[in-house]
Amino acid sequence: MDLLIEIGTEELPARVIPLAVEYLRERFSVLLKRDDLITYATPRRLAFYLKDFKNEGEEREELIVGPPLSVAYQDGKPTKALLAFLDRVKAREEDLIHLQKDRGTYVAVRRIVKEESPLELLSKSFEEILLSVPFPKSMRWDSSGVRFSRPVRWICALWGDQIVPLTFGNIKADRKTKGHRFLSSGWIELGSAEEYLQKLTDAYVIPQFNERLGLILSMLKEEAYRLGGVPEYPEGLQEEVANLVEFPFVVVGSFEDKYLELPEKVIITVLAHHQRFFCVRSQEEDRLLPFFLAVSNNAPKNGEIVEGYRKVVKARLEDALFFYKEDLKRPLDQLVEQLSGVVFHPRAGSMWDKTIRVMELSQKIAGTLNLEEGIKEKIKRAAYLSKADLLTHMVREMDELQGYMGYVYAKAQGEDEEVARALYEQYLPARAHDPVPLSPVSYVLSLADKLDTIKTLLEAGEVPTGSSDPYGLKRAAFGVLAIIDAHQLDLHIDDLVEVSPKLEEFLRNRLEAYLEPYGQDVVRAVLSVHSPLRPLEVIKLVRSIANIREEERFKDVVEVYRRVVRILPKGWLEDKVKETLLREEAEKRLYEKLLQLEESPSLSDLWKIKPVVDEFFDSVLVMDKDEAIRTNRLALLMRVRKLMERFANFDLIT
């Protein structure tokens, strides 16, 4: 028999659906002891399905030990102690066995215990599981006090044709579900779990996310082709829209050509980010067409839906065009000093304060990198203008355009191309797969802005936690590391900003996260002997070690390191070797090889020390009775350790 668990809700926000599905899938899989759980999700339902589900509790043998045999019987008859034991374990005298233990013979009962079935366990845990879904926000809706992202209206839970007794607040599981909100009416009763998909399909619900998404993409492509274009897909919009509908309909709308005067990203932001509509790009020219495609959850009738969409789009684009024209009248450099009225953070001053700090820090970085004077001047100008667009009408209305509008307005007002582009690229990379800025003007400004944000906000007490990072400090740190990595910038962070223990620890944690694909043990081995304030050094070493860690010669390096560390007394620091005290040929050869490797340290050559270290340990008594000789030999080994720790603490590599 198949198992169905469906949680019916008011329309869930699209962004929480994948989160809830994945969390519930993991929890249910563990309880039901199956890893092939099929998931279905729409705005009105989260459903989980198992084919051929066996609801059988596991059996285990249990041995219950009673009183000693000498206590259990007296004159061949059961004592009160034995009778009490039999009563407690619900057994008979003929069920007893004798068990030999260290202290003698005991009576015992062996029995088969059947554990609770998976569905019994699910029934007990169901409410707790739903309450623990990590929604960003949740709500109450009735007297039961339970919380969920949106009100839960029904639970349909069937094992074959049997109702599974699940409850959540005041709602008890039944065999009823609902179809599409607009295209279906009333309750739908299921005879068995196996009827679920067909009955939903008949009620205009496509419960499979990938099927809905595929249908939407096909419909968008078809409609765009009729208009002579292709759909424009802003990142994540198609997936979001697929989680906004249960049965999609694509409708076509248009807007006046005059709005194409707006920068493309403004049009896309208005249509895609604010209305969840798709723009259409011409197939013949690289430009937007005056059309939009909307995905509706209801069948369009008499053009009412399209007309409603068109009116909203016209109003938003009209506002954007007004803002654009007004902003062009005000040069960016006239807005800069007004940033003193814009708060960066209540404990970190204004945006004008931040601008001054970024100007100073960017010049420090440029000087460290020995950039030309002409580039330094461009960096200074870009830093000065970097936050001016915050005071434009467009960015005040649509803050996601910050940086981009600075670029657009700077170009329109005759600023140098590199300066203008830096106003946009200072925010790159914003995500892991974003490109890094290529121009020195852009990447220096981006580094300065991000480093200042991290340092200043950490000092203000805004330390990110595992689940909360409202100021995006982790993202900023990723950007710093990605830029340093991409351009191989050998920057020492403590030469650029005053470093607190909090900042150093934060950078250490972010380096561990950035380099995680190379193995946490390797990252920690390097960071145990190298400062996170030298990020390029750490990045290079981690990659180098990860590339050779499976080679035999690297295993030799690890073995040598561990052998040396084991024999050195705890806290040993002396590393001054006196050549006159080197008596044995093996220690002389080790010292000679050590000097060669110290002259030009290389990870790829480190394994060459193994033969002479092996010979040293085989033929030299380190802990010689003569204190001077013993100290000299330990100092020699300390030098070997220090040589190896120029790269990593190899003892931490598993």
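No value in this document is a laboratory result; all are computed from the given coordinates. Bear in mind that the values here come from a model prediction, so they are computed numbers and not experimental data. Here the Cβ positions follow ideal geometry from the backbone for every residue, glycine too, while neighbour counts run over all protein chains shown.
Most exposed first by the Cβ proxy, i.e. fewest other Cβ within 10 Å, how do Lys124, Lys80, Lys376 rank?
Ascending number of Cβ neighbours within 10 Å: Lys80, Lys124, Lys376.
To check my understanding: the extent here is largest minus smallest coordinate of the Cα atoms along each principal axis. What are those three numbers for region 334-544, in Å, largest first?
51, 37, 30
Express in whole angstrom the spacing between the alpha-carbon centres of region 590-654 and region 122-177.
Comparing the Cα centres of region 590-654 and region 122-177, I get a distance of 65 Å.
Name all residues of region 607-634 having a backbone nitrogen under 17 Å from the label point set 7 Å from the Cα of Lys642 along its Cα→Cβ direction, giving them as ranges.
631-634
Given an 8 Å cut-off on Cα distances and at least 6 residues of separation, report the relative contact order of the chain as a percent.
In percent, rounded to a whole number, it is 7.
For region 567-641, take every pair of Cα atoms, bin their distances at 5 Å starting from 0, and report each bin as a whole percent.
Pairs per bin, as whole percents: 3, 16, 29, 27, 17, 7, 1, 0.
Take the Cα atoms of the chain, find their three principal axes, and give me the spread along each one in whole Å, biggest first.
98, 87, 46
For Lys314 and Gln596 in the same chain, what is the full-extension length gain: residue separation times 0.36 nm, less their Cα-Cα distance, in nm?
Extra length available between Lys314 and Gln596 comes to 94.0 nm.
Among Lys570/Lys642; Lys588/Lys642; Lys474/Lys540, which pairs are too far apart, with a Cα-Cα distance over 25 Å? Let's see the in-between values first.
Values: Lys570/Lys642 15 Å; Lys588/Lys642 18 Å; Lys474/Lys540 21 Å.
In this structure, no pair lies more than 25 Å apart at Cα.
Using label points projected 7 Å from each Cα along Cα→Cβ, tell me how many nm separate Asn55 and Ile548, to one decimal.
Between Asn55 and Ile548, the label points sit 6.1 nm apart.
Need the full-extension length gain, Asp399 to Glu372, defined as separation in residues times 0.36 nm minus the C-alpha distance. One decimal, nm.
Extra length available between Asp399 and Glu372 comes to 6.3 nm.
Given R₀ = 41 Å, what would the calculated FRET efficiency be for Glu120 paired with Asp614, taking r from the Cβ atoms and rounding to 0.05?
Numbers: r = 62 Å, r/R0 = 1.52.
With a Förster radius of 41 Å, E is 0.10.
Which is farthest toward the positive dipole end of the chain among Leu457, Thr39, Val109, measuring Cα position about the Cα centre, with Cβ charges +1 (Lys, Arg) and -1 (Asp, Glu)?
Result: Val109, furthest along the dipole toward the positive end.
I need His98, His433 ordered by Cβ neighbour count within 10 Å, fewest first. Provide the component values of the computation, followed by the final result.
Details: His98 10, His433 7.
With the fewest neighbours first, His98, His433 line up as His433, His98.
Mind checking region 279-315 for trypsin sites (Lys or Arg not before Pro) that DSSP puts in a loop (not H, G, I, E or B) and that have at most 10 other Cβ atoms within 10 Å?
Hits after loop and neighbour filter: Arg287, Lys301.
Specify the inter-centroid distance of region 1-34 and region 50-101, based on alpha-carbon positions, in whole Å.
Value for the Cα centre distance between the two parts: 42 Å.
For Ala81 and Asp434, calculate 0.36 nm times their separation in residues minus their Cα-Cα distance, and state this gained length in nm to one decimal.
119.6 nm
Which value in nm describes the separation of the simple spin-label points at Lys137 and Asn509, placed 7 Å from the Cα toward the beta carbon?
About 2.7 nm, to one decimal.
Taking every pair of Cα atoms in region 454-569, average 1/r, invert it to obtain the Kirkwood radius, and report Rg/Rh to two decimals.
Rg/Rh: 1.04.
Enumerate the residues in region 635-654 having an amide nitrogen under 16 Å from the point lying 7 Å beyond the Cα of Asp521 toward its Cβ.
Under cut-off, by backbone N: 648-654.
Run the paramagnetic zone check for Asp36: 7 angstrom along Cα to Cβ, then residues of region 180-209 with backbone nitrogen under 19 Å.
Label zone hits: 193-197.
Report the relative contact order of region 1-91, percent, no decimals, based on alpha-carbon pairs under 8 angstrom and at least 6 residues apart.
30
Provide, as a two-decimal number, the C-alpha radius of gyration of region 209-318 over 2.2 N^0.38 Å, N being how many residues it has.
Working it through for region 209-318, the quotient is 0.99.
Counting only C-alpha contacts under 8 Å and six or more residues apart, can you give the relative contact order of region 59-114 as a whole percent?
51
Looking at region 525-604, which trypsin sites (Lys or Arg not before Pro) are DSSP coil and have at most 11 other C-beta atoms within 10 Å of their C-beta?
Of the trypsin sites (Lys or Arg not before Pro), the ones in loops of region 525-604 whose Cβ has at most 11 other Cβ atoms within 10 Å are Lys570, Lys576.
Of Lys54/Lys114; Lys33/Lys114; Lys354/Lys450; Lys221/Lys301, which ones are farther than 19 Å apart at the Cα?
Numbers: Lys54/Lys114 15 Å; Lys33/Lys114 16 Å; Lys354/Lys450 11 Å; Lys221/Lys301 22 Å.
Result: Lys221/Lys301 exceed 19 Å.
Measure off 7 Å from each Cα along the Cα-to-Cβ vector at Thr580 and Lys474, then give the distance between these two points in nanometres to one decimal.
6.0
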